[in-house]
Amino acid sequence: MVSLKGKDIISALDFTREEVEHLIRVAEQLRKEIDEKGILDYAKGKIMATVFLEPSTRTKLSFQYAMVRLGGTVIDFDVSTSSLAKGETDVDTLRIIDGYNPDVIVLRQKKPFFPREIAPIIKAPIISGGDGWNEHPTQALLDVYTIWRELGRLDDLTVGIMGDLKYGRTPSSLSYLLSKFKNITIYYIAPEPLQIREDVIKNIEGKVTYYKVNDVSQVIEKLDVLYVTRLQKERLPDPSLYEKLKGSYKIDKEFLSKFKKIPIIMHPLPRTWELDPSVDSLPQAKYFQQAQNGMYMRAALIKEVLGV
Amino acid sequence: MVSLKGKDIISALDFTREEVEHLIRVAEQLRKEIDEKGILDYAKGKIMATVFLEPSTRTKLSFQYAMVRLGGTVIDFDVSTSSLAKGETDVDTLRIIDGYNPDVIVLRQKKPFFPREIAPIIKAPIISGGDGWNEHPTQALLDVYTIWRELGRLDDLTVGIMGDLKYGRTPSSLSYLLSKFKNITIYYIAPEPLQIREDVIKNIEGKVTYYKVNDVSQVIEKLDVLYVTRLQKERLPDPSLYEKLKGSYKIDKEFLSKFKKIPIIMHPLPRTWELDPSVDSLPQAKYFQQAQNGMYMRAALIKEVLGV
Amino acid sequence: MVSLKGKDIISALDFTREEVEHLIRVAEQLRKEIDEKGILDYAKGKIMATVFLEPSTRTKLSFQYAMVRLGGTVIDFDVSTSSLAKGETDVDTLRIIDGYNPDVIVLRQKKPFFPREIAPIIKAPIISGGDGWNEHPTQALLDVYTIWRELGRLDDLTVGIMGDLKYGRTPSSLSYLLSKFKNITIYYIAPEPLQIREDVIKNIEGKVTYYKVNDVSQVIEKLDVLYVTRLQKERLPDPSLYEKLKGSYKIDKEFLSKFKKIPIIMHPLPRTWELDPSVDSLPQAKYFQQAQNGMYMRAALIKEVLGV
């Protein structure tokens, strides 16, 4: 039997196929209940601490909505007005929050692998909301949930992941989660300076078939899913790189209209220039549903981690 | 029968006299219930999203208190720590929040008429908390509620609106709401560069009697209400204009003591130099009550828009 | 009978010994109930306004957790996105919030003695969360609660308070609270420019035995408690003073290992260089427990002030 009760959720690599399928079932069930009743009471009396030490919209908000819809309470650590200005370390901040005994902590931090380091000294289960350029496991969960909802399967997929594969944390986690399924082909579509990192390749080697390509035109008709990502301006080692790479990949309606078959278009959002609003009206545009699915999937994850 | 259920609240022009009177009755009723019980349960299980893309104290806080006192839950979009820094458009931000299915969205945005543009693509009812220099309809509701509480009527009024009538959004909305009542005279009291905008005049022409004057001394004894407003420093096209206009109008106790009849003094707050704290002790000073009335009126509005 | 119902909590000087002992009993009782049930319902239907006009982590968060665990609701005034940018005074801000009728206001402000000034014009009871360099009464409550839990008594104590005694607000409040008990000796341990203020000495004169010393080595083996504090960088009149004083006092594991007897080590946190993480593993390190005790003590205080 699948149980995530009390577990830290830190890497998409840690999930089994059965756990992913279980979370999808729970998300679908919660979707029905939430859409009917608004606010449920699974998490009544439980407290979720949100600790976002990097900016966030969707992730923090969707965790907040998810917890509220489960009937629980959210207490946010507001980094903008906090004592970090006084020079406190993130480790101290987390130990103090942990001392207030929240039932779960959702943590975003700049430093890759920080959640793994801190988890052993924190009592509460930690759900990572992204650790720098490394991983974003709950994003990957909602991504595969979206693929499953749109295409009805998670085996036998050809997925193009396009954009900033080097500094982004969603391409890695999505690749890891897809690698749990059968007959997966991934095209990594990016200009050379943004291609997928070797540490990611090492983790999927032998589990998925993958290709690196520069031009989305070459492969788009083979794809079931085109997953577009933003250039991570804030993580580039050199700001001039942004100006050089800006616009080096872009999807708009006119471009897509050239092809006989258009895959579903996904994006973790926020988007900038790489995904034009002209795409929004196409039936293949699924990124707003994807964001919405995030609330239900995160509710499922919280419910399972709390064991309620 | 008056029903605001599911409606967007975007302009004071959209209200009928009957709707305003209905909201006042509901606000009075909720005042009694809230003062007795603290927190009610009309909005239990409902979620209000607050999305303030410009700074706010009173408006955001009073909506939060209003929703909490109705028994509902508020989820705030915290702009200061958000992904707007990553370049996301306000439209995307709102579509994503709308996807989390809040029961109502309270929106403040810099761009005039933005709520009108966005409303058709957002499922949740939108209550505007101010759109740049254009309008602030819920402020006007609490303004007329305050006038009604203090003077016992909304017909047959002479109101002076003083200060920054050009860049402010409260003079327009208050004028529009007053224009729904009978025998209204408005004196627009401002130095020339801050006089009331032509688009406002166009909307009230033929519905109220109005005059533009420069000096409050000439008209103050005719007024039932003197509504003072702050110079909108942050909206002036040229910062040097602020230094030029600073202090060009000002109310203090000494000034008021020269007149035989002092009208009730209102102000949407925050105030700076235009309304001196020496006025606070006068029985005519009603601006703190006005702020308090805002909580009850906004509770009434939320209740009606939710249809609970 | 001890009752704090409706009282302002502004200075540690205002407490009696009986009140402190009563609060400790309530904190211990609430600890049991909270650890068992998570969220209680003493404060159901009550609203706490948090108004932090200076940065805070622990204080604000622990009040939030405390109120939530009592079953109440917290509405935070978010200074970072507020109208203070528009030039509003803190007095106006507080009067407006008071008009929304919160059951209690937790206030942090830069100006020493500001809570005392404002309290008479604010209806809600005010709990000070620190007033500039002056006092931090609730910190002192959790400090003595921690001492009582660790040492089993509050009489017959020798306490060293070390660090920035001049610009810090915790040494004063802790001294005042200790002065309510019998046979107290305090060593003020600091370099001359950071020694305890004369206004503090005036308040404890004749009630405790005190000494000013420069070097902790001289006295450490006499101490029951060593209370370390951070250099208040943000309050120094001259920034160059920080560089001069940085590192002028410091506790680490190696230093402590030189002594035969090590007192319990406390710190109000956040810490910077003055308390090395190497100390964390010692059994005498009590600062994380101290932070945790803060949640229970603040819950006790809120409960008593609300009279629930």
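The values are calculated or read from the model by the stated rules, or taken from the named source; none is laboratory data. Because the structure is predicted, anything quoted here is derived from the model rather than measured. Quick reminder, even Gly has a Cβ in these numbers, built from the backbone with ideal geometry, and neighbours come from all protein chains shown. Side chains included, ligands, DNA and RNA excluded: accessible areas come from the protein's heavy atoms. Shrake-Rupley method; radii C 1.70, N 1.55, O 1.52, S 1.80 Å.
General remarks:
- Per atom type, the protein assembly as shown shows carbon and sulfur on 49% of its accessible surface, probed at 1.4 Å.
- B:LYS253, C:LYS222, reordered so the largest accessible area comes first (probe 1.4 Å): C:LYS222, B:LYS253
- Each Cα pair under 8 Å and six or more residues apart adds its separation to the average, and for the stretch C:1-130 the resulting relative contact order is 31 percent.
- Viscosity 0.890 mPa s, 25 °C: Kirkwood-radius Stokes-Einstein D of chain C over Cα pairs, µm²/s: 124
- Measuring between alpha carbons in the structure, the pairs from C:LYS180/C:LYS303; B:LYS212/B:LYS286; B:LYS60/B:LYS261; A:LYS44/A:LYS286 lying more than 26 angstrom apart are B:LYS60/B:LYS261; A:LYS44/A:LYS286.
- Over the stretch A:1-119 - Rg/Rh using Cα atoms and the Kirkwood inverse-distance radius: 0.98
- Calculated accessible area for chain C comes out at 36 Å² per residue, all protein chains present (probe 1.4 Å; ligands, DNA, RNA ignored).
- Nearby aspartates and glutamates by direct alpha-carbon distance to B:LYS7 (threshold 19 angstrom, same-chain neighbours under 8 apart not counted): B:GLU18, B:GLU19, B:GLU21, B:ASP98, B:ASP103, B:GLU117, B:ASP131, B:GLU135, B:GLU304
- In this label model, B:GLU192 and C:VAL213 are separated by 7.7 nm, measuring between points 7 Å along each Cα→Cβ vector.
- In the stretch B:17-59, the residues that give up 40 Å² or more of accessible area when the other protein chains are added, compared with the chain on its own (1.4 Å probe), are B:ILE39, B:GLY45, B:ILE47, B:PRO55, B:THR57, B:ARG58.
- Under the criterion of Cα pairs below 8 Å and six or more residues apart, the relative contact order for the stretch B:180-268 equals 33 percent.
- 0 to 90° range, to nearest 10: angle between helix C:137-151 axis and chain C longest Cα axis: 50
- For the stretch B:104-173 versus the stretch C:28-106, the gap between their alpha-carbon centres in whole angstrom: 29
- Of the Cα atoms belonging to the stretch A:54-172, the radius of gyration and Dmax stand at 16.2, 52 Å.
- When the Cα positions of C:TYR211, C:GLN195, C:LEU241 are compared along the charge dipole of the stretch C:137-287, C:TYR211 comes out farthest toward the positive end, with charges on each C-beta of Lys, Arg, Asp and Glu.
- Extending 7 Å from Cα along the Cβ direction at C:LYS7 and again at B:LYS111 yields two label points whose distance is 5.5 nm.
- Projected over every direction and averaged, the convex hull enclosing the alpha-carbon atoms of the stretch C:137-287 yields 8.3 nm².
- Summed buried accessible surface, chains A and B, 1.4 Å probe, nearest 100 Å²: 2400
- Formal net charge of residues neighbouring A:PHE114 (Cβ-Cβ distance under 10 Å; K, R +1; D, E -1): +1
- In chain B, the longest principal axis of the Cα atoms and the axis of helix B:58-69 are about 50 degrees apart.
- Exposure ranking of B:LYS212, A:LYS233 by accessible area [1.4 Å probe, largest first]: A:LYS233, B:LYS212
- The equivalent ellipsoid that matches the C-alpha gyration tensor of the protein assembly as shown spans semi-axes of 44, 44, 25 angstrom, in descending order.
- Working from Cα pairs under 8 Å separated by at least six residues, relative contact order for the stretch B:114-213 is 25 percent.
- The order of B:ASP156, C:ASP164, C:ASP252 by accessible area, most exposed first and with a 1.4 Å probe, is B:ASP156, C:ASP252, C:ASP164.
- Principal-axis tilt of helix C:90-99 within chain C, Cα atoms, nearest 10 degrees: 50
- C:TRP148 accessible area, assembled protein chains, probe 1.4 Å, Å²: 90
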